[in-house]
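Input: a single structure, listed below in structure tokens.
The values are calculated or read from the model by the stated rules, or taken from the named source; none is laboratory data. Note that this is a predicted model, so its numbers are computed, not measured. Using ideal geometry, Cβ is built from the backbone for each residue, glycine included, and neighbour counts are taken over all protein chains shown.
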Amino acid sequence: MIPKKLYLLFFILLVIFTQSCKKELPVIPEKKSDLVEIKRLIALGDDYFESSKYDSSYYYFDKAKLACDPKKHPKQYVYAISNLATIQQNQGDFSGSETTAMEAMPILETTTNPNCKWSIYTILGINYLNTFDYYYALYYFNSALDLKTDGYRHNGALNNIALTYMEQEEYQKALTILLPMTLDNKVKNDPTENSRIINNIGHCYFKTGNPKSLDFLTKSLKIRTQLKNNWTLVTSFYNLSLFYEKNSPNLSRKYAQLSYDKSTILNNVDIRLESLKLLIRNSSGTSLKKYSLNYIHINDSITKVRQQAKNQFAKMKYDSKKGNDEILQLKAQKDENALELQLQKNTTLNLYFIVGLLLTITGFIYSYLVEKSKRGKIKTSYDTEVRIAKKLHDELANDVYQTMAFVETQDLSSSHNKEILLDNLDTIYSRTRNISK
């Protein structure tokens, strides 16, 4: 029979062994998200964007996107994608911009952040507007409008819807959106937004023959001149050039030249070409030839430039993804090696444990057998003592009692009684000697 203490020991060793087996596969701690690095990359992308270094800006936004975990950093992920798509859009790569923006769609389905959705919807709407797909342009601009965003974004969506109607030459529809916006205090207090709305109203009035057109266009130009924003000044100069084209060719040519110069600084090829068209229509002689040749040169090179931009951004995206994949592959290999080393270590420890367990069990079994042998000997000695005690009690004590009784009751002077006494004493002696043996 195995002692209870030995059972307890076996149970403890079994629990330890089981826990050891469970730890054969090491737990790899989850990598902490490096949000600081992501924000650093985004900040660099913003800085280069502001300084019009779009290739560098694209590079860092792409790095930031790859560094993001979309589930953990949805806001940063969508922000990086929206900037990548915007850069492609500004370079005339509308299909590439659409493809990039669509990468954010799975995240938009799960996020509750309306600003993230607004950015992507607006980018997609502008891409469709530039590719004359007015149905989808209105679809995404209206989707942006339906979001619960701030006043700036709400008005931006309204303005984009109005622009789409203007491109469709539905100027009255555009005015029904733009005119109420001029009464909004948020628009009035925002010079950039206010000048944009006023400029668009002025253009609609020009197209519909409303004499108030010039007042709105000049008022918008005055605000934009104070703001010193070249992007907005370009459209004001261009719209004024259109306004003066029929009645004042000199003024039309002046504003067209200003529009061309600003768009050249901004590297906005589309406005440059449109400005050159106005210059050509309002010029003659050597100026006409110069503008015409310039137009032909730019028009011929625009496809090449845009294709180069496409290829450049595609290569940057490919190189970043490739580099990121290589880093992930090296990390996976490192983790695999660490896992293998850990498994080997655990295997060695388990072998040591099993050998130690076997030695311990062997030692306890040996101790148990020795202890059992001792207990057997003790039991044998005990049984012998009991048997001797029984003999002493049952046999010898009875003989001694009878002999003492004989001595007390009989006359020992008789030879016959002496013989009986001697026989009794001899019997007692014999029994004592047998017990002793």
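Keeping to the range 134-155, report how many residues are assigned to a loop (DSSP other than H, G, I, E, B) and hydrophobic (A, V, I, L, M, F, W, C). Can you show your working first?
First pass over the range 134-155, keeping only residues assigned to a loop (DSSP other than H, G, I, E, B): 146-150.
Subsequent filtering for residues that are hydrophobic (A, V, I, L, M, F, W, C) retains 147.
Of the residues in the range 134-155, 1 are assigned to a loop (DSSP other than H, G, I, E, B) and hydrophobic (A, V, I, L, M, F, W, C).
I need the full set of residues from the range 73-88 which are of a type in the set (Val, Ile, Thr), within 19 Å of the chain's Cα centre (by Cα) and closer than 13 Å to Tyr60 by Cα, in order please.
Correct list: Ile81 only.
With respect to Thr303, is the statement that it is loosely packed, with under 11 Cβ neighbours inside 10 Å, modelled with pLDDT of 80 or more and not aromatic (Phe, Trp, Tyr) true?
Against the criterion (loosely packed, with under 11 Cβ neighbours inside 10 Å, modelled with pLDDT of 80 or more and not aromatic (Phe, Trp, Tyr)), Thr303 does not qualify.
Go through the range 42-53 residue by residue and tally those that are in a helix (DSSP H, G or I) and either in contact with a Pro (Cβ under 9 Å, 6 or more places away or on another chain) or surrounded by fewer than 21 Cβ atoms within 10 Å (Cβ to Cβ) (or both).
7
Going by the conditions given, is Lys418 modelled with pLDDT under 75, assigned to a helix (DSSP H, G or I) and exposed (fewer than 11 other Cβ atoms within 10 Å of the Cβ)?
No.
Can we say Ala104 is touching a Pro at 6+ places or on another chain (Cβ under 9 Å), at pLDDT 90 or above and surrounded by 22 or more Cβ atoms within 10 Å (Cβ to Cβ)?
Details: touching a Pro at 6+ places or on another chain (Cβ under 9 Å): yes; at pLDDT 90 or above: yes; surrounded by 22 or more Cβ atoms within 10 Å (Cβ to Cβ): yes.
Against the criterion (touching a Pro at 6+ places or on another chain (Cβ under 9 Å), at pLDDT 90 or above and surrounded by 22 or more Cβ atoms within 10 Å (Cβ to Cβ)), Ala104 qualifies.
For the range 61-85: of the residues being within 23 Å of Ile271 (Cβ to Cβ) and touching a Phe, Trp or Tyr at 6+ places or on another chain (Cβ under 8 Å), which is surrounded by the fewest Cβ atoms within 10 Å (Cβ to Cβ)?
Only one residue tops the list, namely Asn83.
May I ask you to verify whether Asn268 is outside the structural domain of Asp55 (by TED's automatic domain parsing) and under 23 Å from His297 (Cα atoms)?
On the way: outside the structural domain of Asp55 (by TED's automatic domain parsing): yes; under 23 Å from His297 (Cα atoms): yes.
Yes, satisfied.
Does Asp150 meet the test of being within 27 Å of Tyr238 (Cα to Cα), surrounded by fewer than 18 Cβ atoms within 10 Å (Cβ to Cβ) and either among the aliphatic types (A, V, I, L, M) or modelled with pLDDT under 95 (or both)?
On the way: within 27 Å of Tyr238 (Cα to Cα): no; surrounded by fewer than 18 Cβ atoms within 10 Å (Cβ to Cβ): yes; either among the aliphatic types (A, V, I, L, M) or modelled with pLDDT under 95 (or both): yes.
No.
Restricting attention to the range 229-265, report how many residues are surrounded by fewer than 16 Cβ atoms within 10 Å (Cβ to Cβ), of a type in the set (A, V, I, L, M) and under 30 Å from Thr86 (Cβ atoms).
1
Results for (1) within 22 Å of Glu167 (Cα to Cα); (2) not in a helix (DSSP H, G or I), shown as yes or no for each residue.
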| site | (1), (2) |
| --- | --- |
| Leu66 | no, no |
| Lys72 | no, yes |
| Gln76 | no, no |
| Ile81 | no, no |
| Thr86 | yes, no |
| Thr112 | no, yes |
| Gly125 | yes, no |
| Phe132 | yes, yes |
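Which is surrounded by 12 or more Cβ atoms within 10 Å (Cβ to Cβ), modelled with pLDDT under 90 and either assigned to a loop (DSSP other than H, G, I, E, B) or acidic (Asp, Glu) (or both), of Ser20, Ser33? Outline the logic, then answer.
Numbers: Ser20 fails: either assigned to a loop (DSSP other than H, G, I, E, B) or acidic (Asp, Glu) (or both).
Checking each option against the conditions leaves just Ser33.
Filtering the range 360-394 down to residues that are of a type in the set (A, V, I, L, M, F, W, C) and either more than 30 Å from Asp423 (Cβ to Cβ) or loosely packed, with under 12 Cβ neighbours inside 10 Å (or both), which residue is modelled with the lowest pLDDT?
Per the criteria, the residue is Ala389.
Any chance the range 219-241 includes a residue that's in contact with a Pro (Cβ under 7 Å, 6 or more places away or on another chain) and in a helix (DSSP H, G or I)? Write out each step before concluding.
Kept after step one, since they are in contact with a Pro (Cβ under 7 Å, 6 or more places away or on another chain), are these residues of the range 219-241: 223, 227.
Restricting the remaining residues to those that are in a helix (DSSP H, G or I) gives 223, 227.
Checked the range 219-241: at least one residue is in contact with a Pro (Cβ under 7 Å, 6 or more places away or on another chain) and in a helix (DSSP H, G or I).
Checking the conditions here, which among Leu279, Leu293, Leu288 is surrounded by 17 or more Cβ atoms within 10 Å (Cβ to Cβ) and over 44 Å from the mean Cα position of the chain (by Cα)?
Only one candidate passes the filter, namely Leu279.
Within the bounds of the range 395-410, is there any residue that is assigned to a loop (DSSP other than H, G, I, E, B), at pLDDT 75 or above, more than 30 Å from Ser95 (Cα to Cα) and out of contact with any Gly (no Cβ under 6 Å at 6 or more places or on another chain)?
yes
Kindly establish whether Thr176 is at pLDDT below 95 and outside any loop (DSSP other than H, G, I, E, B).
Against the criterion (at pLDDT below 95 and outside any loop (DSSP other than H, G, I, E, B)), Thr176 does not qualify.
Go through (1) assigned by TED's automatic domain parsing to the domain that holds Cys68; (2) of a type outside the set (D, E, K, R); (3) part of a helix (DSSP H, G or I); (4) without any contact (Cβ under 8 Å) to a residue 24 or more places away in the chain one by one and return the number of the condition Leu158 breaks.
Only one criterion in (1) assigned by TED's automatic domain parsing to the domain that holds Cys68; (2) of a type outside the set (D, E, K, R); (3) part of a helix (DSSP H, G or I); (4) without any contact (Cβ under 8 Å) to a residue 24 or more places away in the chain is unmet by Leu158, namely (1).
Can you tell me how many residues in the range 260-288 are outside any helix (DSSP H, G or I) and under 19 Å from Glu245 (Cα atoms)?
Within the range 260-288, residues that are outside any helix (DSSP H, G or I) and under 19 Å from Glu245 (Cα atoms) number 3.
Can Tyr58 be described as assigned to a helix (DSSP H, G or I), within 20 Å of the chain's Cα centre (by Cα) and buried (at least 23 other Cβ atoms within 10 Å of the Cβ)?
no
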